[in-house]
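Nothing in this text is a laboratory measurement; each read-out follows from the coordinates by a stated rule. The shown structure was predicted, so the numbers you read here are calculated from the model rather than taken from an experiment. Cβ atoms come from the backbone with ideal geometry, glycine included; neighbour counts cover every protein chain shown.
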Amino acid sequence: MNQLLLLSFLFVFSSSSKAATEYYSLAYRNDPATSVVIGWSGDLGTVHYGLVDQGTNYTAYTNSHGIDRTGGAHGITRHFSRLTGLAPNSIYYFVIYDQSGQTSQRFYFRTLSNDSNDPVSFISGGDTRDGFSLFGIYTENCPSGNCLEKRRDGNKLVAKIRPDFIAFTGDYVMNQITSNTTAEWSTWLNDWQLTITPDGRIFPVAFSRGNHEDIFDVHEMFDIPFDEYYTLNIHNDLIKMYMLNTELDACTDAAQLSWLTNDLQSNTGSPSDPYWKFATYHSPTLAIGKDGTLEVDQMNCWIPLFQQNKVRLVMESDSHTTKWTLPAVRNAAGDDFEIAAQPEDGVVYIGEGQWGAPHRDVYYTGSSAKPYVKDAGTFDNFFFIEVNRDTTLIRCVKFENVNSVLDIQNDELGTGLPSNAVLWNPSNGDNIIITNPTASIAIKENQKLATSVYPTNTKSTFTVEFGQTVSNAAVEIYNSLGKLCQKHNVSNSAKQTIVLDENCSGVSYVYIKFEDGLVESHRIIIGN
Ligand SMILES: [Fe+2]
């Protein structure tokens, strides 16, 4: 047998002995309490699933579901089976039985809850791409000597921590002209299998798009919605999560902006307002690492919306450094953030993507350090976030001591970290706690006069009743884009009629701000 024949024989042998399905993933695209997308590569197949563990005996499972869509990109095929109608807060076991008669290993996952009383804990992180190399030598800073090693450490930590889900903020692989993108994605998908626990638990992911992904890559690899921006309602209004697409201009991409605006405003101030609103996206609005870039479009068109609609946490990525901030607001000039005078008016920003990607230095240091940045540093990590109605607890897990970190053996929702996980522990403390905005609003309303605004559908004027005489207050009107369109100061008055000018129209929000920082809001519709 000559060498070529031997190689061919080995290739055919190794191909036929390989699992016929591979590279498994779970993604969210609808209600995480009742649905999930199972993705895989390789053969066509059918998912067999149920609430009882039947091992690899696929015929014993009570449910089966075929392929809803086959996608893929960069030479990689992905099959997607969209499971719906699942029971909330339940463990489902499944196997994939493929067209060649092989059965995958037995996996399981847990659906999220439909009860906002139930806690949830998740991992937020991104930027897993390899460093750029020339002739096998890295030209970017991969301190361990191999960036992919650190990404794998992070993936192994996922399996040990057992989060309820993962919010992944983009930049999976290099995908550049000089790189082998098919091989990079194969390696990425293969490495992702390290997130699966030894007993087969696989974790759903809210995938987002980064700047290293071509348009539709994330849709094609994981079956997120076609527009590559979407929202998830976690535990029936415990958290409304917005997965945004920073490859679209925040201002001029009208579809994403109007969707975001309408969705954020649809419940703000109403009894069905979610307890928390969070946003995740790839490019930071103001990068603390890399070259310190300000994304002007995001600062102008997203940040005012976040602030007006009480988004309390934003998860960013891309610059390959790490930060967490105090509650911050856009400054008057719109060229920076500043510390919020009232914490509940501000947004906490965390990031910026260091799941193994090449290390970069903190850009704003010394005298140019940003006062609203609580801490910043450079090390491989992701964030672990625990949420209940009252508090959001954020900690940052370093990719250190990975092999010794204890396995969490608990599959309940809202489970905490292993006790010996290595936390980022700067001098300001190893965590950030945000208190519930809805609770603080309720306290305000009990303490304060209940203001009223009428009529709520008007063409020219409306009246604000403060409930008692106020010494000083401001009445601010924000348009449907979250921009301030009219403002009046009121003093020594119990009632004020506002004459509308042409700047405000459509669905608008009246914010009544009192001297002591308390705020009440009302939704009105201004006709033409
Ligand atoms: Fe990036």
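Sort 212-220, 101-109 for me by packing, meaning the mean count of neighbouring Cβ atoms within 10 Å per residue, highest on top.
The packing order, highest mean first, is 212-220, 101-109.
With each label point set 7 Å from Cα along the Cα-Cβ vector, what nm distance links ASN425 and GLN176?
In this crude spin-label approximation the distance works out to 3.7 nm.
May I ask you to list the residues of segment 273-300 whose amide nitrogen lies under 16 Å from a point 7 Å from Cα along the Cα→beta-carbon direction of ARG389?
The answer is 273-277, whose backbone nitrogens lie closer than 16 Å to the label point.
In whole Å, what is the distance between the alpha-carbon centres of segment 310-342 and segment 120-146?
25 Å
Once you have the alpha carbon radius of gyration of segment 333-433, what is it after dividing by 2.2 N^0.38 Å, with N set to its residue count?
The reported ratio for this selection is 1.24.
Once both labels are modelled 7 Å past Cα along the beta-carbon direction, what's the LEU134-GLU149 spacing in nm?
With each label point 7 Å from Cα toward Cβ, the separation is 2.3 nm.
Using Cβ-Cβ distances only, list the Cys residues of the chain with no partner cysteine under 4.7 Å, sorted by number.
Result for the chain is CYS396, no neighbouring Cys Cβ within the cutoff.
Placing +1 at every Lys and Arg Cβ and -1 at every Asp and Glu Cβ, with all other atoms neutral, what dipole size does the chain have around its Cα centre, in debye to the nearest 20?
Details: 37 positive and 60 negative charges, 126 e Å.
Once rounded to the nearest 20, the dipole reads 600 debye.
Using R₀ = 45 Å, calculate the FRET efficiency as 1/(1 + (r/R₀)^6) where r is the Cβ-Cβ separation of SER493 and ASP227; round to 0.05.
So the FRET efficiency works out to roughly 0.45.
Fully extended, how many nm does the chain gain between ASP335 and HIS65 (0.36 nm per residue separation, minus their Cα-Cα distance)?
Numbers: separation 270, 0.36 × 270 = 97.20 nm, distance 5.08 nm.
The span from ASP335 to HIS65 would gain 92.1 nm if fully extended.
Counting just the Cα atoms, what span does segment 449-526 cover along each of its three principal axes? Round to the nearest Å and put the largest first.
30, 21, 18
Where does the Debye-calculated log10 I(q)/I(0) of the chain sit at q = 0.05, 0.06, 0.12 Å⁻¹, using only Cα point scatterers of equal weight, no solvent?
Debye output, listed in q order: -0.22, -0.32, -1.13.
Grab the beta carbon distance between SER258 and LYS459, set R0 = 30 Å, and tell me the FRET efficiency rounded to 0.05.
0.85
For the pair ILE525 and SER367, how long in nm is the line joining their label points, each one 7 Å along Cα→Cβ?
So the label points at ILE525 and SER367 sit 5.6 nm apart.
Tabulate in residue order the Karplus-calculated ³J(HN,Hα) for segment 404-418, using 6.51 cos²θ - 1.76 cosθ + 1.60 with θ = phi - 60°, rounded to whole Hz; enter x for Gly and Pro.
9, 5, 5, 7, 6, 9, 9, 9, 6, 6, x, 5, x, 7, x
Give me the dipole magnitude in Debye, nearest 20, for segment 40-169 about the Cα centre, with unit charges on the beta carbon: positive for Lys and Arg, negative for Asp and Glu.
That gives a dipole near 120 debye.
For segment 128-196, what is the convex hull volume of its Cα atoms per residue in Å³? Could you put the intermediate results ahead of the total?
Details: hull volume 6.2 nm³, N = 69.
Each residue corresponds to 90 Å³ of Cα convex hull volume.
Expressed as a rounded percentage, what relative contact order does the chain have, with Cα pairs under 8 Å and six or more residues apart? List each step's numbers first, then the result.
Details: 1309 pairs, mean separation 66.2, N = 528.
So the answer I get is 13 percent.
Rg/Rh for segment 46-89 to two decimals, with Rh computed the Kirkwood way over all alpha-carbon pairs.
Here the Rg-to-Rh quotient is 1.07.
Go ahead and estimate [θ] at 222 nm for the chain from helices alone: -39,500 (n - 2.57) per DSSP H run with n ≥ 4, summed, over the residue count, rounded to 500.
Details: 8 runs with 83 residues, N = 528.
So the calculated ellipticity at 222 nm is -4500 deg cm²/dmol.
Report ³J(HN,Hα) in whole Hz for each residue of segment 498-511, in order, from the Karplus equation J = 6.51 cos²θ - 1.76 cosθ + 1.60 where θ = phi - 60°; Gly and Pro get x.
9, 8, 6, 9, 6, 6, 10, 7, x, 5, 9, 10, 9, 10
How big is segment 59-205 by Rg and Dmax over its Cα atoms, in Å?
Answer for segment 59-205, Rg first and Dmax second: 17.8, 54 Å.
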